Number of protein chains: 2
Amino acid sequence: MTTRLRRAEIIAVGSELLGIDRTDTNSLFITAGLQELGVEVVAKAVVGDAFDDLAAVFRDALARSDLVVLTGGLGPTDDDLTRNAVAHVVGRPLQEDAATVERIRERFVRRGMTMPDINRRQALVIDGAELVANAQGTAPAQWFDADGRLVLLLPGPPREMRPLFERLAREIIAPRTAGDRIIRRTLRLAGRTESQADQMLQPLYARWAATEPPIVATILAAGGTIELLLHVRAGRPALGEALLEDAARDVAAIFGSDLVSLEGERLEAVVGALLRSHGLRAALAESCTGGLVTSRLTDVAGSSDYVERGVIAYSNRAKVELLDVPEGIIADHGAVSEPVASAMARGIRARARVEVGVGVTGIAGPGGGSAAKPVGTVVIAVDGPDSRHDVRTFLFAGGRELVKLFASTTALDRLRRVLLTL
Amino acid sequence: MTTRLRRAEIIAVGSELLGIDRTDTNSLFITAGLQELGVEVVAKAVVGDAFDDLAAVFRDALARSDLVVLTGGLGPTDDDLTRNAVAHVVGRPLQEDAATVERIRERFVRRGMTMPDINRRQALVIDGAELVANAQGTAPAQWFDADGRLVLLLPGPPREMRPLFERLAREIIAPRTAGDRIIRRTLRLAGRTESQADQMLQPLYARWAATEPPIVATILAAGGTIELLLHVRAGRPALGEALLEDAARDVAAIFGSDLVSLEGERLEAVVGALLRSHGLRAALAESCTGGLVTSRLTDVAGSSDYVERGVIAYSNRAKVELLDVPEGIIADHGAVSEPVASAMARGIRARARVEVGVGVTGIAGPGGGSAAKPVGTVVIAVDGPDSRHDVRTFLFAGGRELVKLFASTTALDRLRRVLLTL
């Protein structure tokens, strides 16, 4: 019997997974299953079809973790080495399983074929391992205990791996967990840098580390917003959820309107929900973002209910013709200026006859910057009901696409903040 | 000095990369760069923000390989531990680099902010390591030799990591490799499915396998276009380049106008170059794509020269008011129809007084579909000079964002094909 399983590593085997065209996706499926059972994946690896490397990577994982899951390398050919490398590391012989040979032979016969002799290799079992027949393919799964550690060998093709993993998770892994579950929650913030947010969170980190069980936090910059990922390992899911609910409330108290969402909802979905709940429609006037703000807002299903139109006024002429921006304002202040952004927001709102207008103008680069208005300067205006009007100038770092991304995120966030005041 | 570099491992650091929402993509970029230099990636790993695990994974990799590249965990917060874990494993102290502190401080000052104290952590250098300044962010890269092995520490955000890796590949890795180079070329196709393209390429695959050295081809679907990746390993780069030039010419002969670019240029850049070379300006009228077509076209630097405006006519009212689409056409044919798409393209072209107009209307879903016009139905029209007019109905599979992506790619491709006839 193994110890209670807490820490897992996943090893994907196959040289094709070390190139640039394919990636290991099996580990995501396995991770999701392990998370549900409260088993934490502490590392994962990809290794090619090379005996020494595979043996070394497996040996290292086995030394660190309670559970090692290997996928791939169980095929019939010379470069399918997982069985051999694992057997070598744990010092056990491989033996041909007669029933498995028969099962593989029958599988070929059912398809009107003769089993090639190399497929016998798929019936080699690590001494002491249990086999689980593979309904989708020829290679069975194998599992065994080694010095209190649990080792699973699964085939690589996802349609074969998935049902086998699900069965082993249910029958072999679940009974050996501590009964703990990992509960997760993601909060989204805007209007702060990652390090500002991190500093503001310091007192909460200390408090979270002291809860029983402790709350683990990870902070991530995500395209102009910040994701705060919280998780807790709890024997009773309700306890974990209550702890995370308290934590979310603490974050909300510190961040106020900088808190975008309590369940990780994307900014565009939050803005959409606010527009919908207030029964408001929006129209957008974009210049440097080139339509990206409207495109993101319309990524949300049902957004045609509250997005009336957008105008991408790339040229000054378009700003005058489509948005009624007075030519004099452009001449006096330049196209990238607070008066122009405000006029764009007011113009689109009036033209579209909707309740909320947004104006974005800026310099995405790489050309067009000046000392006074460097590349990355973006002005965002929101014009709403009850005389709400917000206009502000930002300076974003990065290349053209990054400036567009940050500008679009910030435009959605400014719109969100105006809607919050209604 | 290190030994000749042959075997590399890549370690991506970050607990978020061990969940189910994100995956390590940095290793693909790094792998491509190493392949070009003839350095084989023998394993890669993902490890969380946990000191002991990170140290163990790094120690094991260092024992196996000539080159270890770590990405991530160089941020300013408590859970950024790469510097510390690597220093611990190689038994060297960390020291604060005054010039780097100053550089980080100035970066904050330029954005009108004060450097938070925790950012000093990003200036900690492993004793004996060289620093490479990060133009896109605060954390510099570090590299050092350890007992004949080369170790690189790179920041995690791809836009920061990529230029730093490229520089280190050129200046530090390339001089230490054995001499063979992998020469690559990417061709881009549109208007064909991946399997159609694959079938058309069969005769070329056979020819490429027989060249000396052989040309290796990989075909990849990429957001509505197809990338054909060719590479060859050659001692003399000129030989490899000549082989790939012949191969590209063969592909062009088979695919004609379905060939978008011979050097992997993106569709939006190809369309932009065609507009520029013909001295034409474009205006775009979008409905279901919500601004995505215009946003992609304006991702290209200098696009303000040829993109005059865009209109996102989400509502029927906007189609009438902004694009002069006759209400009767909408009533007779529906908003998603060839007559409406054509009227949108003609309307935006006339209103903007430019040479080329594009109209896109469709049903992105999940709602709004019918038996006659299911979700994914998209109509694209291009109206150009010399009475060029192209209108066509497409049916795209997938969810809302995928339909938007395919529709925007196809709109850019239809525009490209009209421009090719001029």
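The values are calculated or read from the model by the stated rules, or taken from the named source; none is laboratory data. As the structure is a prediction and not an experimental result, all values here were calculated from the model. Cβ coordinates were reconstructed from backbone atoms using ideal geometry, including for glycine residues, and neighbour counts include every protein chain displayed. What goes into the accessible areas is simple: the full protein's heavy atoms, side chains included, and nothing from ligands, DNA or RNA. Shrake-Rupley method; radii C 1.70, N 1.55, O 1.52, S 1.80 Å.
At a Förster distance of 45 Å, what's the computed FRET efficiency of A:Arg317 paired with A:Glu245, Cβ-Cβ distance as r, to 0.05?
Using R0 = 45 Å, I get an efficiency of 0.25.
Taking Cα centroids, how far is region B:366-422 from region A:354-387 in Å?
Here the two parts' Cα centres lie 30 Å apart.
Can you list, shortest first in nanometers, how far A:Glu265 lies from the same residue in the other copies, with each label 7 Å from Cα toward Cβ?
Copy-to-copy label distances for A:Glu265: 4.4 nm.
May I ask for the distance between the Cα centers of region A:250-309 and region A:58-83, given as a whole number of Å?
Between the Cα centre of region A:250-309 and that of region A:58-83, the gap is 46 Å.
Considering only A:Thr114, A:Thr298, A:Thr82, give the residue with the highest GNM mean-square fluctuation for chain A, with springs between Cα atoms whenever their separation is below 10 Å.
The residue with the greatest mean-square fluctuation here is A:Thr114.
Put the label 7 Å from Cα along Cα→Cβ for A:Arg6; what are its distances to the other copies, in nanometres, shortest first?
Copy-to-copy label distances at A:Arg6, shortest first: 4.2 nm.
Which far-off residues, 5 or more places away or on another chain, put their amide H under 5 Å from the one on A:Thr177, with H placed in the peptide plane?
Amide H neighbours of A:Thr177, under 5 Å, 5+ apart: A:Leu5.
Residues of the protein assembly as shown: accessible area per residue at 1.4 Å, in Å²?
Per residue, the protein assembly as shown has 39 Å² of solvent-accessible surface.
Partner chain Cβ atoms within 10 Å, averaged over the residues of B:356-368 - can you pull that number for me?
1
Accessible area of region A:21-130 with a 1.4 Å probe: how many percent of it is carbon plus sulfur?
Carbon and sulfur: 47 percent of the exposed surface of region A:21-130.
Select from region A:302-342 all residues whose loss of accessible area on going from the chain by itself to the full protein assembly reaches 30 Å² or more (probe 1.4 Å).
Hits at the 30 Å² cut-off: A:Glu308, A:Arg309, A:Gly310, A:Ile312, A:Tyr314, A:Arg317, A:Glu321, A:Leu322.
Per residue of region A:210-223, in order, report the coupling 6.51 cos²θ - 1.76 cosθ + 1.60 (Karplus, θ = phi - 60°) as ³J(HN,Hα) in whole Hz, putting x for Gly and Pro.
9, 6, 10, x, x, 9, 9, 10, 10, 10, 9, 7, 9, x
Over all alpha-carbon pairs in region A:220-277, figure out the percentage whose distance exceeds 17 Å.
The share of Cα pairs beyond 17 Å in region A:220-277 comes to 48 percent.
Would you kindly compute the Cα radius of gyration of region A:1-56 and its largest Cα-Cα separation (Dmax), both in Å?
13.0, 40
Please compute how much accessible surface disappears when A pairs with B, both sides summed, using a 1.4 Å probe, and round it to the nearest 100 Å².
The contact between B and A buries close to 6000 Å².
Where the centroid of each part is defined by its Cα atoms, how far is region A:156-224 from region B:217-237 in Å?
Rounded to whole Å, the Cα centres lie 37 Å apart.
For region B:125-210, what is the convex hull (Cα atoms) projected area averaged across all directions, in square nanometres?
So the Cα hull casts an average projection of 9.4 nm².
Averaged across A:20-30, how many Cβ atoms of other chains sit within 10 Å of each residue's Cβ atom?
Taking the mean over all residues of the peptide, I get 4.
Could you give the nm distance between label points at B:Thr193 and A:Ala98, where each point is 7 Å from its Cα heading toward the beta carbon?
Spacing of the two 7 Å Cα→Cβ label points: 4.8 nm.
Work out the mean other chain Cβ neighbour count within 10 Å for the residues of A:195-206 and drop it here as an integer.
Mean shielding by partner chains, rounded to a whole number: 3.
Kindly identify the protein assembly as shown as rounded, prolate or oblate by the Cα gyration tensor criterion: order the square roots of the eigenvalues as a ≥ b ≥ c, call it rounded if a/c is under 1.5, otherwise compare a/b with b/c, prolate if a/b is larger, else oblate.
Since a/c reaches 1.5 and a/b is larger than b/c, the shape of the protein assembly as shown is classed as prolate.
Any idea which of A:Val271, B:Val86, B:Val311 is furthest toward the positive side of the dipole for the protein assembly as shown, if Lys and Arg beta-carbons carry +1 and Asp and Glu beta-carbons -1?
In the protein assembly as shown, that residue is B:Val311.
Please list the non-local residues whose amide H lies under 5 Å from the amide H of B:Val300, H modeled 1.01 Å from N, same-chain partners needing a gap of 5 or more.
none
What number, rounded to the nearest 500 deg cm²/dmol, is the helix-based mean residue ellipticity at 222 nm of chain B, given -39500 (n - 2.57) per DSSP H run of at least four residues and division by all its residues?
Per the formula, -12000 deg cm²/dmol.
Which percent of the accessible area of region B:238-336 is formed by carbon and sulfur heavy atoms (probe 1.4 angstrom)?
The C+S portion of the solvent-accessible surface of region B:238-336 is 53 percent.
Return the tail of the calculated pair distribution for region B:1-135, meaning the percent of Cα-Cα pairs more than 24 Å apart.
36
7 Å along Cα→Cβ for the label point: how many nanometres lie between B:Val216 and each equivalent label in the other copies, listed shortest first?
Between copies, matching label points for B:Val216 lie 3.6 nm apart.
How long is region A:66-113 along each principal axis, judged by its Cα atoms, biggest number first, in Å?
Sorted largest first, the three principal extents are 41, 23, 20 Å.
Considering amide H positions built from the backbone, and no H for Pro or chain starts, which residues 5 or more places from A:Val307, or on another chain, come under 5 Å of its amide H?
A:Ala282
Using a cut-off of 14 Å between beta-carbons, work out the net charge of the residues near B:Arg170 (Lys and Arg +1, Asp and Glu -1, B:Arg170 not included).
Surrounding charge for B:Arg170 is +1.
Just round it to a whole percent: the fraction of Cα-Cα distances in chain B exceeding 42 Å.
Roughly 32 percent, once rounded to a whole number.
Which ³J(HN,Hα) values in Hz, rounded to whole numbers, follow from the phi angles of region B:365-382 under the Karplus curve 6.51 cos²θ - 1.76 cosθ + 1.60, where θ = phi - 60° and Gly and Pro get x?
Each residue of region B:365-382 in turn: x, x, x, x, x, 9, 4, 6, 10, x, 3, x, 6, 9, 10, 10, 10, 10 Hz.
Residue-wise, which Karplus ³J(HN,Hα) couplings in Hz belong to region A:140-145, taking 6.51 cos²θ - 1.76 cosθ + 1.60, θ = phi - 60°, and x for glycine or proline?
x, 7, 9, 8, 7, 9
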